[in-house]
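Read the structure below first, then the notes.
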Amino acid sequence: MEPTNPIPTPQLTLRERFFKSWFPPAAVVGGVATLVAAALRVRPEPGARAQAPAAPAGGAAPPDLLQVQRAGAGAGGRVRLEREYTLAATIGGNALSAFRESLLDVAVGDADQVVALGDGHVRVFTAGGEPVRQWRASDGAECLTVGEDRRIYVAGAGRVEVFEPDGRRAGGFAFGDAAKPPSLSAIAVRGPDILVADASARIIRRFDAAGRQQNLIGDQGKTKTFMLPNGRLDLDVDAAGIVRATDTGRHQVTAWRLDGTPAGRFGKFGMQDPADFVGCCNPINVATTPDGKVVTSEKMVARVKVFEPEGRLLAVIGTEHFDPKCTQIHLAVDTKGRILAADPVRRRVLVFSAGAPGGTGEVQP
């Protein structure tokens with residue numbers, strides 16, 4: 001049996017424990033506002049395919065860029081969304097590719113193969129959705145990713161398992177208390193660094209390839225942890241080595257360097273502006289594109305959005321594509337910039353291609 005690595009945890013003062021014990025005000029307001037909206041049958045504006053006003057007779061044609069009216073803004077306060085995504089493929093919609101019981105995560109492998117965790121197996125598909133291979137995942141597996149070395153990393157129940165692309169086990173390590181293993185909700189790999197979202201400790205742990213913890217990410221702030229009312233923490237690493245992580249209680253996407261230094265954040269609660277995040281705990285999932293954009297997904301209003309790194313909204317993939325009962329939509333992005341969105345309720349991976357609104361060509365990263 002492999003030894004369990006002890007893990008240092010942040011030491012909190014009495015004041016810090018107080019902040020950590022209570023939801024932040026934005027989360028409380030968000031939850032109450034969302035419940036009131038539901039009771040009044042008022043849905044927050046999805047902003048997925050807002051229609052431009054019709055041109056008057058004999059007037060100019062409507063603009064070809066998607067426009068969304070900001071709440072309270074005048075005619076000059078429109079948000080110009082520069083990308084529009086269309087559904088290009090569905091994985092899981094036929095007998096050969098179907099997920100029978102579960103769909104827990106999705107990632108992109110070599111040659112844009114789709115790698116998914118579901119039905120207790122790691123399953124590999126071609127970029128077009130044809131099944132390639134599968135193998136049994138370890139008990140308690142919750143999430144997976146594919147490293148630059150083409151290996152598949154699967155995490156859950158306080159363990160990280162490493163597999164070769166053909167499914168042969170290539171190693172792994174355990175950490176935490178074996179009697180009460182940490183809750184692992186996301187994993188990302190960049191070079192020799194293995195980043196694991198420990199949702200029970202509300203922190204990201206950075207390990208080396210041997211399983212030695214190097215540092216924590218997310219421990220610089222009032223609470224020394226992320227605010228997670230829903231108990232979920234997601235992350236990804238962009239091409240520049242910046243870690244993007246969800247801070248759901250604060251309605252933010254946060255950015256960090258690998259050494260744990262903060263590198264920025266964006267997002268706030270709101271129910272009208274489509275750039276804002278609704279509910280008590282959003283965004284729930286995050287991914288990054290090859291050209292440095294940030295992709296998020298939300299629950300309550302099940303949708304996917306694409307942002308510039310500083311938070312300017314670029315696109316919305318609307319609620320019509322997802323089951324309204326989704327509590328998260330797992331995300332990945334391939335080398336062509338296609339967004340893979342895994343709906344765990346309908347147990348399907350939806351693949352979206354990007355183009356300029358009204359256009360037919362894909363946007364190249």
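The values are calculated or read from the model by the stated rules, or taken from the named source; none is laboratory data. Keep in mind it's a predicted model, so treat the numbers as computed, not measured. Every residue, glycine as well, gets a Cβ built from its backbone with ideal geometry; the counts of neighbours run over all protein chains shown. Just so you know, the surface numbers come from the protein's heavy atoms only, side chains and all, with ligands and any DNA or RNA stripped out. Shrake-Rupley method; radii C 1.70, N 1.55, O 1.52, S 1.80 Å.
Considering only residues in the stretch 119-148 that are within 22 Å of the chain's Cα centre (by Cα) and of a type in the set (D, E), the one that is nearest to A188 (Cα to Cα) turns out to be E148.
K299 satisfies every condition listed in (1) touching a Leu at 6+ places or on another chain (Cβ under 9 Å); (2) buried (at least 19 other Cβ atoms within 10 Å of the Cβ) except (1).
Under the condition of being in contact with an Asp or Glu (Cβ under 9 Å, 6 or more places away or on another chain) and not in a strand (DSSP E or B), the residues counted in the stretch 253-278 number 10.
Of the strands (runs of 3 or more DSSP E) that lie entirely inside the stretch 155-252, those containing 3 or more residues that are in contact with a Gly (Cβ under 8 Å, 6 or more places away or on another chain) span 159-163, 169-175, 184-190, 203-207, 213-217.
Here G267 qualifies as open to solvent by 10 Å² or more (accessible area, probe 1.4 Å) and either over 15 Å from the mean Cα position of the chain (by Cα) or over 24 Å from E142 (Cβ atoms) (or both).
For the stretch 112-154, name all the residues that are open to solvent by 50 Å² or more (accessible area, probe 1.4 Å) and assigned to a strand (DSSP E or B). Correct list: P131, V132, R133, Q134, R136.
The residues in the stretch 288-303 that are assigned to a strand (DSSP E or B), within 24 Å of M271 (Cβ to Cβ) and either in contact (Cβ under 8 Å) with a residue 60 or more places away in the chain or hydroxyl-bearing (S, T, Y) (or both) can be counted, and the count is 3.
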